[in-house]
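Shown next, in structure tokens, is the structure this report addresses.
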Amino acid sequence: MKSVNKSQSKFMVITIGLFLGIIGRINFLQLSRYSKYGEQYFRNQFEKDFDYMELNKILIQSNCSNVLAIAFDPCYISKSGKKTPQVGWYWSGVANTTKWGLEIGGLAVIDINNHCAFHLEAIQTKQEENISLLTQYANSILKHQQTLTQLSKYILVDAYFSKKTFVSAICDAGFEIISRLRTDAHLQYEFLGIQKQGRGRPKTFNGKVDYNNLDLSYFKEISISPNEKIYQAKLYSKALKKWINSVLVYSYKKGKWTHKNYFSTDLDLNATTILEYYKSRFQIEFLYRDAKQNTSLNHCQARSEKKLHSHFNLALTAVNIAKITYWIPLKKEERLRFSMRDIKTSYSNELHLNRFIRGFRICPNTKKNKAIIKLLKGFGKIAT
């Protein structure tokens with residue numbers, strides 16, 4: 001990164017190592033306890049601007065496959081008190097209710113071939129009276145339009161974002177949405193017959209889609225089995241006010257057929273790709289889980305917006321570093337499930353070992369000591 005000076009470079013290397021090595025809550029006091037730098041050093045550095053989007057973009061382009069998609073998802077962050085900027089009531093998917101705290105809008109890249117999510121940037125949600133949440137979420141994405149278009153044109157979001165306000169804003173900027181509609185979404189067939197001659201508007205639609213009685217002349221059968229049926233068609237969404245590439249997946253469970261309605265605004269995309277991309281979207285949830293459980297995403301005690309921004313992005317970037325260093329380089333057939341806990345354990349062991357080695361003035365480079373150090377770094381890991 002050409003814009004990064006030596007001071008910032010040193011800070012990032014030290015701090016990401018500490019985020020990976022410190023067990024428990026991570027705050028400025030903890031960072032100073034586990035390093036030779038004072039608490040004020042970290043407070044000052046967290047207040048400075050840093051281009052986390054550019055850093056993570058370089059990491060992704062250098063290490064991931066070429067089949068990428070962009071995922072966006074809000075994430076609830078617990079925060080007590082009333083003095084922190086933008087603190088308020090936000091939806092928590094884990095608790096399935098609104099809770100007091102903060103929220104970040106997380107931009108991530110999904111590596112489809114490796115089936116893994118990588119953080120790009122976390123943007124804190126602001127509560128503004130005249131702007132709806134969906135508009136704010138769309139603006140968060142469009143703010144980074146130039147960078148995102150270098151990675152992918154596909155935006156993956158869950159069913160909450162299937163609203164005209166969000167979809168139109170994103171599609172008008174040149175992106176394509178892959179998401180899911182409500183199971184009772186109002187969809188209409190395209191009129192393909194001969195138009196009546198004379199005055200009046202040409203007929204555009206040929207009736208509403210009845211999910212229990214599909215007109216199979218409009219649908220392409222993708223897969224038919226005793227427990228699953230998949231159909232694809234070009235349909236008009238009344239809610240989105242646009243033609244969509246709809247994929248209906250019927251599943252037979254507990255003695256009855258149910259369906260889910262996936263879609264893409266890219267009318268040329270095949271059904272298999274739409275389903276593969278949408279199902280990969282869930283990897284962003286694992287990204288948040290790993291950061292909350294292992295790199296203290298949920299535990300920032302600062303109240304400054306800049307410090308909060310730095311903490312959120314450092315916590316998530318540390319997960320990126322762990323994946324790219326220890327998981328992505330492995331061959332697919334050699335990979336176990338990605339375990340952030342094991343990497344955290346290894347880094348924590350190394351952090352304490354280095355302290356003892358310096359304190360006791362042990363030479364770590366002898367053949368005997370190298371073997372022992374390697375063994376001790378893996379102490380407590382679940383997968384060896």
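Some points to look at:
- Among the residues of the stretch 236-249, those that are surrounded by fewer than 18 Cβ atoms within 10 Å (Cβ to Cβ) and on the phi < 0 side of the Ramachandran plot comprise Lys238, Ala239, Lys242, Trp243.
- Residue list for the stretch 211-235, restricted to those being hydroxyl-bearing (Ser, Thr, Tyr), out of contact with any His (no Cβ under 8 Å at 6 or more places or on another chain) and surrounded by fewer than 20 Cβ atoms within 10 Å (Cβ to Cβ): Ser217, Tyr218, Ser223, Ser225
- Out of Cys75, Cys64, sole residue that is in contact (Cβ under 8 Å) with a residue 24 or more places away in the chain, closer than 19 Å to Ser152 by Cα, of a type outside the set (Phe, Trp, Tyr) and surrounded by 21 or more Cβ atoms within 10 Å (Cβ to Cβ): Cys64
- Set side by side, the residues Gln45, Gln30, Gln86 differ, and just one is outside the structural domain of Arg358 (by TED's automatic domain parsing), surrounded by 21 or more Cβ atoms within 10 Å (Cβ to Cβ), farther than 30 Å from Lys332 by Cα and of a type in the set (S, T, N, Q), which is Gln45.
- Residues satisfying the stated conditions in the stretch 190-238, i.e. touching a strand residue (DSSP E or B) at 6+ places or on another chain (Cβ under 6 Å), farther than 15 Å from Val249 by Cβ and assigned to a loop (DSSP other than H, G, I, E, B): Phe191, Tyr218
- Condition met for Asn349 (free of Cβ contacts under 8 Å to residues at least 40 places away in the same chain, in a helix (DSSP H, G or I) and closer than 18 Å to Leu31 by Cβ): no
Every residue, every condition in (1) buried (at least 20 other Cβ atoms within 10 Å of the Cβ); (2) within 24 Å of Gln232 (Cβ to Cβ); (3) aliphatic (A, V, I, L, M); (4) in contact with a Cys (Cβ under 9 Å, 6 or more places away or on another chain), yes or no:
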| residue | (1), (2), (3), (4) |
| --- | --- |
| Arg281 | yes, yes, no, no |
| Leu297 | yes, no, yes, yes |
| Arg303 | no, no, no, no |
| Leu308 | yes, no, yes, yes |
| Ile324 | no, no, yes, yes |
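- In the set Gln195, Gln188, Gln232, only one residue is farther than 24 Å from Ala138 by Cβ, in contact with a helix residue (DSSP H, G or I) (Cβ under 9 Å, 6 or more places away or on another chain) and not assigned by TED's automatic domain parsing to the domain that holds Leu107; that residue is Gln232.
- Against the list (1) within 19 Å of the chain's Cα centre (by Cα); (2) in a loop (DSSP other than H, G, I, E, B); (3) not aromatic (Phe, Trp, Tyr), the condition Pro364 fails is (1).
- Selection count where residues are small (Gly, Ala, Ser), at negative phi and either in contact with a Ser or Thr (Cβ under 7 Å, 6 or more places away or on another chain) or not in a loop (DSSP other than H, G, I, E, B) (or both), scope the stretch 89-130: 6
Yes or no, residue by residue, for (1) modelled with pLDDT of 80 or more; (2) assigned to a helix (DSSP H, G or I); (3) of a type outside the set (Phe, Trp, Tyr):
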site	(1), (2), (3)
Leu287	yes, yes, yes
Gln301	yes, no, yes
Lys307	yes, yes, yes
Phe312	yes, yes, no
Ala315	yes, yes, yes
Ala318	yes, yes, yes
Lys323	yes, yes, yes
Arg341	yes, yes, yes
Lys374	no, yes, yes
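- Residues in the stretch 144-189 that are buried (at least 20 other Cβ atoms within 10 Å of the Cβ) and part of a helix (DSSP H, G or I): Leu148, Phe161, Phe166, Val167, Ile170.
- Test result for Ser92, of a type outside the set (Val, Ile, Thr), without any contact (Cβ under 8 Å) to a residue 40 or more places away in the chain and loosely packed, with under 15 Cβ neighbours inside 10 Å: no
The values are calculated or read from the model by the stated rules, or taken from the named source; none is laboratory data. Worth saying up front: this structure is predicted, and the values here are computed from it rather than measured. Here the Cβ is made from the backbone with ideal geometry for all residues, glycine too, and neighbour counts use every protein chain on show.
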